[in-house]
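Asks: Sharing a structure below in structure tokens format, with a few things to ask.
FYI, it's all coordinate maths here, none of it is from the lab. Bear in mind the structure is a predicted one, so any value in this text is a computation, not a measurement. Counting neighbours? That spans all protein chains shown, and the Cβs are built from the backbone with ideal geometry, glycine included.
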Amino acid sequence: MMNLTLKIWRQASSNAQGKMVDYKVSDIDGDMSFLEMIDILNEQLIAKGEDPVTFDHDCREGICGACSMHINGEPHGPEGATTTCQLHMRKFKDGDTITIEPWRAKAFPVIKDLMVDRAAFDRIIQAGGYVSTNTSGNTLDANAIPVEKKNADMAFNAATCIGCGACVAACKNASAMLFVSAKVAQLSLLPQGQVEAKDRVRNMVNQMDLEGFGHCTNTGACSAECPKEISLDNIARMNREYLSASITAED
């Protein structure tokens, strides 16, 4: 069992001034998840009539990407390739002080406490993250379209991106390049995604810039902190696609 000091960012609303607040939690089992530990703190706060700490969560299985927390200066905490909900308290020691903050990015404004608005990601996907389908006549079954195994594997790996925003939080420029490149790649690598390929990369990159994300300077922090280990190769591929699409548009 562990006794811990938590330094948590508290901010009542988007327009309110935030500050770090210290809390003590005791008898924390190492087999608890990080979110379960926050749940225990919130139960104590509610029992005392205080406002519980607001944070995003949903599946608690490392799938949805909602559990976005900066823990001791690292997105999702100290364990690699792990979301906050899958982080266990055995990664910490009795007596530790743990600093917990929301994602820090202009494009991810704080809603309350540890919850940020990541709707910018949704708008980027809406700008071009789709595949059109011709449903007139006898449309071929998707499984009948051959896909080269190398491309299928790369597309699948890119599609594992859960849109948590850790890449943005890790980047010194708050760039969303890893996220956008993964969403572009998962479609452009497949034959079904070729119809909109050029429009897709132009529209999604342009929307990313409109949302206020920073530029990529190739430090690689995004991939290093990504819980799904999305490869930097996707960024290089997207840059090539964007250049090609831009030249075609000018012609």
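Asks: At 7 Å along Cα-to-Cβ for each site, give me the label-to-label distance between residue 39 and residue 218 in nm.
Replies: The modelled label-to-label distance comes out at 4.5 nm.
Asks: Hand me the tally of lysine pairs in the stretch 2-111: alpha carbons under 16 angstrom apart, and the pair either on different chains or 8 or more positions apart.
Replies: Values: 7/19; 7/24; 7/93; 24/48; 24/93.
Close lysine pairs found across the stretch 2-111: 5.
Asks: Relative to the Cα centre, what is the charge dipole magnitude of the chain, using +1 at the beta carbon of each Lys and Arg, -1 at the beta carbon of each Asp and Glu, and rounding to the nearest 20 debye?
Replies: Numbers: 24 positive and 33 negative charges, 114 e Å.
Dipole size: approximately 540 debye.
Asks: Report the one residue of 65, 87, 246 whose Cα lies farthest in the direction of the positive end of the charge dipole of the chain (charges on C-beta: Lys and Arg +1, Asp and Glu -1; origin at the Cα centre).
Replies: 246
Asks: Another one. Across the stretch 129-251, how many lysine pairs separated by 8 or more positions, or lying on different chains, have Cα atoms within less than 25 Å?
Replies: The number of close lysine pairs in the stretch 129-251 is 10.
Asks: Going 7 Å from the Cα of residue 145 along its beta-carbon direction, which residues of the stretch 185-216 have the amide nitrogen within less than 12 Å of the resulting point?
Replies: 187-197
Asks: In addition: Which helices pass in the chain if a helix is a full DSSP H run, must span at least 18 angstrom along its long axis by Cα, and must have mean Kyte-Doolittle hydropathy not below 0.0?
Replies: Details: long enough: 34-47 (20 Å, 0.99); 197-210 (20 Å, -0.90); 233-250 (26 Å, -0.56).
Within the chain the helices that satisfy the rule are 34-47.
Asks: Now, a different point. In whole angstrom, how far apart do the alpha carbon centroids of the stretch 1-67 and the stretch 115-153 sit?
Replies: Cα centroid to Cα centroid, the span is 36 Å.
Asks: Here's another thing I want to ask about it. For residue 126, project a label point 7 Å along Cα to C-beta. Then give me every residue of the stretch 184-214 with its amide nitrogen under 16 Å of that point.
Replies: 203-212
Asks: Moving on to the next point. With +1 on each Lys and Arg Cβ and -1 on each Asp and Glu Cβ, how big is the dipole of the stretch 1-133 about its Cα centre, in debye rounded to the nearest 20?
Replies: Value, rounded to 20: 540 debye.
Asks: Once each part is reduced to its C-alpha centroid, what is the distance from the stretch 83-106 to the stretch 182-205 in angstrom?
Replies: A separation of 35 Å, based on Cα centres.
Asks: Next question. Please rank 82, 97, fewest neighbouring Cβ atoms within 10 Å first, as an exposure proxy.
Replies: Least to most surrounded, the residues fall as 97, 82.
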